[in-house]
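Trainee: I have a structure here, written as structure tokens, and I will follow up with some questions on it.
The values are calculated or read from the model by the stated rules, or taken from the named source; none is laboratory data. These figures come from a predicted structure and were not determined experimentally. When we count neighbours, we look across all protein chains shown, and the Cβ atoms used for this are built from the backbone with ideal geometry, even at glycine. Just so you know, the surface numbers come from the protein's heavy atoms only, side chains and all, with ligands and any DNA or RNA stripped out. Shrake-Rupley method; radii C 1.70, N 1.55, O 1.52, S 1.80 Å.
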Amino acid sequence: MTVRVLLLGGTAEARRLASLLATDQDLDIVSSLAGRVRAPTLPVGEVRIGGFGGPAGLADWLAAERIDAVIDATHPFAATITANANEATGRLGVPFVVLRRPGWQQGPADDWHWVDTVADAATRLPALGRRVFLATGRGDLAAFADRDDLWFLLRAVDPPPPPLPANRVIVRGRGPFDVPGELALLRHHRVDVVVARDSGGDHVAAKLTAANTLGLPVLVARRPPLPDVPVVTTERAAADWLAGVRHQPS
Ligand code: NAP
């Protein structure tokens, strides 16, 4: 019997998981993207794009599409869709798992300063620096919009929407990023502090290595908490979880 799976994506691991699961003829995978990026990198297989309309809209969609299991492989800071998926699957009794890449590990030579949210990082400036590489999500930029006392380097796939800080340079870029490139970027713009989120993932870690090499402080925002759900950290473990769901008596 074919098992129909919703794979909430928008991340590299979601695309890798879609490729891994595509080899199984008994699985019917629908990947879902929010539609934030104008020209997204698409996973293999069926893709739908756009919000569902909150937990109720998602529950309706899952029922209408006869989805048997949901895998949330969204970004660690995409907390709303994870909460919505938890609520919708709980309502319908559909098995649900979260695939989350591990967070970053601070090394002894890293000058990291942990904060609960990116907005909290704004309160730690300018004590730690005035030329800021704001390496966060577009939704986090507003907290810095009125900081005319600071200068910002922003990097985004598409131009970020306002409100934005006045003293800024925006560079366009999509990971993966490498250490030589990040070193050159930080040096060229004379950055003296980095603001980052504990996203984890090798493709965006180079900025932390570069900051360490240059002896720069990094303000690191902690991840939002996960709901009380099963969590796996690798694509293989997510595939194994799905195999377990398929072999459960219905
Ligand atoms: P969010 O705050 O958790 O979600 C906001 C709303 O966007 C959700 O309520 C939902 O709308 C819609 N949505 C989010 N992810 C969706 C998905 N995969 N499929 C369909 N609808 C989705 O999410 P976000 O932080 O804006 O991130 C949006 C997407 O970008 C996520 O899929 C995430 O994996 C990806 N992404 C985010 C970041 C980041 O920095 N946050 C970085 C890289 C990639 P409805 O309520 O209408 O269903």
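Trainee: Could you tell me what percent of the accessible area of region 1-57 is made up of carbon and sulfur, with a 1.4 Å probe and every protein chain present?
Mentor: It is 53 percent, rounded to a whole number.
Trainee: How many nm is it between the label spots at R36 and R187, if each spot is 7 Å from the Cα in line with the beta carbon?
Mentor: Between R36 and R187, the label points sit 3.2 nm apart.
Trainee: Still on this model: Would you mind getting the accessible area per residue of region 1-46, heavy atoms of the protein chains only, 1.4 Å probe, in Å²?
Mentor: Ligands and nucleic acids excluded, the result is 52 Å² per residue.
Trainee: Just reorder R187, R168, R147 by solvent-accessible area, largest first, 1.4 Å probe, all chains present.
Mentor: Ranked from most to least accessible, the order is R187, R168, R147.
Trainee: Right, something else. Comparing G129, G200, G173, which has the greatest mean-square fluctuation in the GNM of the chain with Cα pairs linked when under 10 Å apart?
Mentor: The residue with the greatest mean-square fluctuation here is G173.
Trainee: Sticking with this one: Taking 0.36 nm per intervening residue step and subtracting the Cα-Cα distance, what contour gain separates D146 from R222 on full extension?
Mentor: Full extension of this stretch gives 25.1 nm more.
Trainee: Could you look at region 144-245 and say what percent of its accessible area is carbon and sulfur, using a 1.4 Å probe and all protein chains? Walk me through the numbers on the way to the answer.
Mentor: On the way: 2590 of 4810 Å².
Heavy-atom surface of region 144-245 belonging to carbon and sulfur, 1.4 Å probe: 54 percent.
Trainee: Calculate I(q)/I(0) for the chain by the Debye formula, one identical point scatterer on each C-alpha and no solvent, and give its log10 at q = 0.08, 0.09, 0.14, 0.17 Å⁻¹ to two decimals.
Mentor: Calculated log10 I(q)/I(0) at the listed q: -0.35, -0.44, -0.95, -1.24.
Trainee: In Å, what is the Rg of the alpha-carbon atoms in region 1-97, and how long is Dmax?
Mentor: 12.4, 36
Trainee: Shifting gears a bit: Over region 174-240, what is the relative contact order in whole percent, taking alpha-carbon pairs under 8 Å and six or more residues apart? Walk me through the numbers before you get to the answer.
Mentor: Values: 59 pairs, mean separation 24.4, N = 67.
Relative contact order comes out at 36 percent.
Trainee: Please work out whether region 33-180 counts as rounded, prolate or oblate from its C-alpha gyration tensor, where a ≥ b ≥ c are the square roots of the eigenvalues and a/c under 1.5 means rounded, while otherwise a/b larger than b/c means prolate and anything else oblate?
Mentor: Here region 33-180 falls in the prolate category.
Trainee: Another question about this same structure. Return a whole-number percent for the relative contact order of region 94-250, with Cα pairs under 8 Å and 6 or more residues apart as the contact set.
Mentor: 34 percent
Trainee: Here's something else I'd like to know. Give me the mean projected area, in nm² to one decimal, of the convex hull enclosing the Cα positions of region 129-206.
Mentor: On the way: hull surface 19.3 nm².
Answer in nm², one decimal: 4.8.
Trainee: I've got another one for you. Please work out the average accessible area per residue across region 110-250, using the 1.4 Å probe convention, and give it in Å².
Mentor: 49 Å²
Trainee: At a probe size of 1.4 Å, how large is the accessible area of T89, to the nearest 10 Å²?
Mentor: 0 Å²
Trainee: Would you look at the GNM of the chain, springs on alpha carbons closer than 10 Å, and say which of E46, E87, E13 moves the most?
Mentor: Between E46, E87, E13, it is E46 that shows the largest mean-square fluctuation.
Trainee: Which whole-number percent gives the relative contact order of region 1-129, counting Cα pairs below 8 Å spaced six or more residues apart?
Mentor: Normalised by residue count, the contact order of region 1-129 is 24 percent.
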